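One structure is given here, and the rest of the page talks about it.
The values are calculated or read from the model by the stated rules, or taken from the named source; none is laboratory data. Predicted model only: the values in this text are computed from it and were never measured. Cβ sites come from the backbone with ideal geometry, for glycine too, and all protein chains shown count toward neighbours. Protein only, heavy atoms only, side chains kept; ligands, DNA and RNA dropped before computing areas. Shrake-Rupley method; radii C 1.70, N 1.55, O 1.52, S 1.80 Å.
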Amino acid sequence: MATSTSGWTERGAGTRAIAEAEKPAPLDAAAVRRDFPILDQAVDGRPLVYLDNAASSQKPRQVVDAIGMYYLRDHANVHRGVHELARRATEAYESARERVAIWLNAAGPHELIWTRGASEALNLVAFSLGMARVGQGDEIVISEMEHHSNLVPWQLLAERNGATLRYVGLTDNGHLDLDHMATLLGRRTRIVSLPHVSNALGTINPVRDIAALVREHSGAVYILDGAQAAPHLPVDVQALGCDFYAFSGHKMCGPTGIGGLWGRRPLLEEMPPYQGGGEMIEHVYPDRSTWAEVPHKFEAGTPNIAGAVGLGAAVDYLDNVGLAAIHEHESALTRRAITLLAGVEGLRILGPAETEERAGVVPFVMEGVSAQDVATILDTQGIAVRAGHHCAQLVVDRYGVAATTRASFYLYNTLEEVDRLAEGVKTARRILYG
């Protein structure tokens, strides 16, 4: 079913545009927190401090209510039904697509494919674009910074099609080595796929500069893993210079099991389907099938309708708070965390020293002790962080550590919670060092 795009240009032109010179109004974290009932609880008798947002964010009432209302009043399968509930469900589903596409500043809703999240989005583009564009002897450029979701699909493609993977190295302070990257790009480069923000280091990559580098040195397709950027930074896919952008709903106040892949329409038209089944066909013959128009060509089977509705509500919520304000708030939290943790003896912080080049992710290691032990002691104090390689094993290998303890911030975290983190780390150090 086609989606109405009347008024698209007028509504989409300014919805996500935030002038760099504008100073956003300070975020009212206390007011924001009232929208997240899950935060109002105790763990082991202490107020919960949730600092595991890079893994998954919490959900505001507005998102939970939107999902509940859909199931209570409007649920039916989408697109093919002619009855009232099917009409309402289809309208809710496609309106959410249009809402999220506007939020990304896409050229239209046809450029947004619903997926289960960033992982499926990257697998989709690796499989389908790989079939269309990558052959024996071609090269795929990724980096040592990747989440496994932006690494393993390209390994599988390279093995399947006889291509070669080339890795951009990292500097000692957690940046992509762009001088090294320039030497990797060439006439055989077909794909460049990189993170907008590193989940393991917090690095905000200069993705527009990289786009210019890719165009200068190759004719490659440029893909961004936006799982850690879309929840925290204003994203304008047309301005970023990329060809595809992947993101997950559950990291940006939306439900689990929903996300998206934005792609330029000519490339989406070129790519073969990712999966076969209902919804993605135009007509089926005994010996062949023809495909539905994009984006439906890539959406086989009954979709996650409630997830799309919830993600649309999450985008409304984030827009109401303001992505620029969220980023400023997280930057203040990050600066405080780095300042306090840097004073802990034997503790090493990974990632950029310049906080303006870092998102709200602070990974650290304590000399001679396990990252998991630190996280466990913090949990006894009601502080939720994550320990491990964070699905980015090449990163921890690059910096010579087995794992890190990672604190990650979001719009509902406070400076007082950062103080509790620092005190908790000091307590963990006293316990672990005896």
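Some observations on this one:
- Taking the DSSP bridge list for the chain and keeping only pairs wholly inside it, about 60 percent are antiparallel.
- Over the chain, DSSP H runs of length four or greater, each weighted -39,500 (n - 2.57), average out per residue to a 222 nm ellipticity of -12000 deg cm²/dmol.
- Measuring nothing but how far apart in sequence close Cα pairs (under 8 Å, 6+ apart) lie, relative to its length, the chain scores a relative contact order of 22 percent.
- In summary, the convex hull built on the alpha carbon positions of the range 25-67 has an orientation-averaged projected area of 4.2 nm².
- Interchain or long-range residues, amide H under 5 Å from residue 281's placed H: 292
- Listed values for the range 141-154 are Karplus-derived 3J(HN,Hα) couplings in whole Hz (6.51 cos²θ - 1.76 cosθ + 1.60, θ = phi - 60°), namely 9, 10, 9, 6, 8, 5, 5, 4, 5, 10, 10, 4, x, 6, and x replaces Gly and Pro.
- Sulfur and carbon atoms: percent of accessible area, the range 350-434 [1.4 Å]: 50
- On a per residue basis, the convex hull of the C-alpha atoms belonging to the range 240-356 measures out at 165 Å³.
- Stokes-Einstein D (µm²/s) once Rh is taken as the Kirkwood radius of the range 141-220 over alpha-carbon pairs, at 20 °C in 1.002 mPa s: 166
- A Förster radius of 45 Å combined with the Cβ-Cβ distance from residue 23 to residue 342 puts the calculated FRET efficiency at roughly 0.95.
- Cβ-derived FRET efficiency at R0 30 Å, residue 430 paired with residue 397, nearest 0.05: 0.50
- Overall, the accessible surface of the range 216-267 at a probe of 1.4 angstrom is composed of carbon and sulfur to the extent of 50 percent.
- The equivalent ellipsoid of the range 36-151 has semi-axes of 32, 28, 12 Å, largest first, where each one is the square root of 5 times an eigenvalue of the Cα gyration tensor.
- Computed FRET value (nearest 0.05) for residue 289 with residue 208, which takes r as the C-beta separation and R₀ as 45 Å: 0.70
- Working ranking of peptides 251-264, 129-142 by packing, defined as the average number of other Cβ atoms within 10 Å per residue, highest first, is 251-264, 129-142.
- Protein heavy-atom accessible surface, 1.4 Å probe, per residue over the range 271-384: 41 Å².
- Taking only the Cα atoms of the range 81-233, the radius of gyration and Dmax are 17.5, 60 Å.
- Rg(Cα) / (2.2 N^0.38 Å) computed for the range 185-259, rounded to two decimals: 1.15
- Compactness of the chain, expressed as Rg and Dmax over alpha-carbon positions, Å: 22.0, 73
- Its Cα gyration tensor gives the range 287-434 an equivalent ellipsoid, and the semi-axes of that ellipsoid, as √(5λ) in whole Å with the largest first, are 37, 21, 15.
- About its Cα centre, the chain has a charge dipole of approximately 380 debye under the convention of +1 per Lys or Arg Cβ and -1 per Asp or Glu Cβ, with nothing else charged.
- Expressed as a whole percent, the accessible area of the range 42-199 that falls on carbon and sulfur atoms is 51 (1.4 Å probe).
- Residues in the range 351-379 reached by a label modelled at residue 148 [backbone nitrogen below 19 Å; 7 Å Cα→Cβ]: 371-372
- Each residue of the range 68-84 is assigned a 3J(HN,Hα), and the resulting list reads x, 5, 4, 5, 6, 10, 10, 5, 6, 6, 9, 6, 9, x, 10, 7, 4 Hz, derived from the Karplus form 6.51 cos²θ - 1.76 cosθ + 1.60 (θ = phi - 60°), x at Gly and Pro.
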